[in-house]
1. Please report the net charge: other residues with Cβ closer than 11 Å to the Cβ of P302, K and R +1, D and E -1.
2. Would you work out which of L263, G240, L280 lies farthest towards the positive end of the dipole of region 238-314, given +1 charges on the beta-carbon of Lys and Arg and -1 on that of Asp and Glu, about the Cα centre?
3. Specify which labelled value, from [x] 5, 24, 34, 27, 10, 1; [y] 5, 23, 32, 23, 13, 4, 0; [z] 4, 18, 21, 18, 17, 12, 6, 3, 1, 0, agrees with P(r) over Cα pairs in 10 Å bins from 0, in percent derived from the coordinates of the model shown.
4. Using alpha-carbon pairs under 8 Å, 6+ residues apart, how would you state the relative contact order of region 183-360 in percent?
5. Cα gyration tensor of region 183-360, axes a ≥ b ≥ c as square roots of the eigenvalues: rounded (a/c below 1.5), prolate (a/b > b/c) or oblate?
6. Name the residue farthest towards the positive end of the dipole of the chain from the options L294, I164, L144, assuming +1 on Cβ of Lys and Arg, -1 on Cβ of Asp and Glu, about the Cα centre.
7. So between W117 and S68, what do we pick up on full extension, going 0.36 nm a residue minus the alpha carbon distance?
8. Kindly point out which whole DSSP H helices in the chain project their C-alpha atoms 15 angstrom or further along the helix axis while averaging a Kyte-Doolittle hydropathy of -0.5 or above.
Amino acid sequence: MADGIVLAASNSGERPPIRVAFCITDLDVGGAERMFVELVTRLDRRRWEPRVFCLSGPGALVERLQASNVPVTCLGAKNARNLGVIWQLARELKKFRPALIQNFLFHANLVGRMAAWWARVPHVVCGIRVAERRSRVPLWLDRLTQGFVDHNVCVSRRVAEFSIHHSGLKASKVSVIQNGVDAQRFAAATAVDRASLGLTASPLVLFVGRLDSQKAPFVLLEAFERLVARHADWQLLFVGEGPLRLAIADWIAEHRLQSSIHLAGWRSDVAELLKTADVLVLPSLWEGMPNIVLESMASGLPVVVSRVEGTEELIRDGETGLLTSPGSVEELEQRIEQILMGRDFSTSLANAAQQTIFKGFTLEAMVSSYEQLYLRFVQIDA
């Protein structure tokens, strides 16, 4: 689960829990945010005393943290240009006096490291969740402020390689801790009644994610248009919100595919939807390690995903899922058809994928790797 991390001796219980601050950009429901909450709430409280600092206002995940007795302070920053949030966070850190701060997501990484320097927090760990290809500015800022950072945790090996080669981070300050998933919860979920979604019993393709150019939804739309020309009863369900929702709805109407393609918006029952579908498709142009792919594999749903950061570490092409070239409509079309037309092949992929997740991508393993990393730093001060 973790690269370059040496197992440290365990806490004997003779001293009080070590204070750790966790800083994140927001606590809305997203893949990175949910993984953040899983990490914080699953820490061994005999060893660690976590406290969360959210740069924005309260989000949907605050209640989950508070229910686990994790104090949460929301700083209410309206946007990334609110530099005053650095001083707000620094004041809070001075009060809390953590031994270490763990930052998640780009803005929290940047604000958290600056505030930690001002508050004299002994150790700063930053989390890099994606290979950022939209703009080079975040890469430049990351490199410029690395002097404030002790270590960077990347979510996949490809993200680590990207960060070293494109952001100029020192390899000695980078390691990998892959995401985990509550595999049993997804494996045991009960399928949603398709009729409640306006769907039939015919083959169903599922997309779950932000409706954003990164996820390449129009590549999927074009591939599915070709498929439905041959398989008129096939269905496609988009689950998620994002800036491209209206454009996608317009495209569906323009191509007169309203009876075949459905937009469900954001839903809380993803585990149940995965049990309902016949294949998950994620044609992203870049990623980190997509949680929805982990969740689909855990649920026993075959996956077709693009060959981007994190997916090759999850999927053995043709054995535990199918990989396609990013942006290739033709490959995506062929791979979806291969799954939906080959029942035995589909079942074989799904079974092998589920075993892969249960063996190597658990939340317990992920949290243990983070705890080992934190101990490596705080024991320097012991």
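The numbers here are math on the coordinates, done by the rules we state, and not lab data. Since the model is a prediction, treat every value here as computed from it, not as a measurement. Positions of Cβ are backbone-derived with ideal geometry, glycine not excepted, and every protein chain shown enters the neighbour counts.
1. Value of the local net charge: +1.
2. Final value for the positive-end residue is L263.
3. Identified label for the calculated read-out: [y].
4. Reported relative contact order: 25 percent.
5. In terms of gyration-tensor shape, rounded.
6. L144
7. On the way: separation 49, 0.36 × 49 = 17.64 nm, distance 2.89 nm.
That pair, W117 and S68, stretches by 14.8 nm at full extension.
8. Working: long enough: 31-42 (17 Å, 0.13); 84-96 (19 Å, 0.02); 106-119 (20 Å, 0.46); 217-230 (20 Å, 0.81); 329-341 (18 Å, -0.22); 343-360 (26 Å, -0.36); 363-381 (28 Å, 0.24).
Taking the DSSP H segments of the chain (at least 15 Å long, mean hydropathy at least -0.5), we get 31-42, 84-96, 106-119, 217-230, 329-341, 343-360, 363-381.
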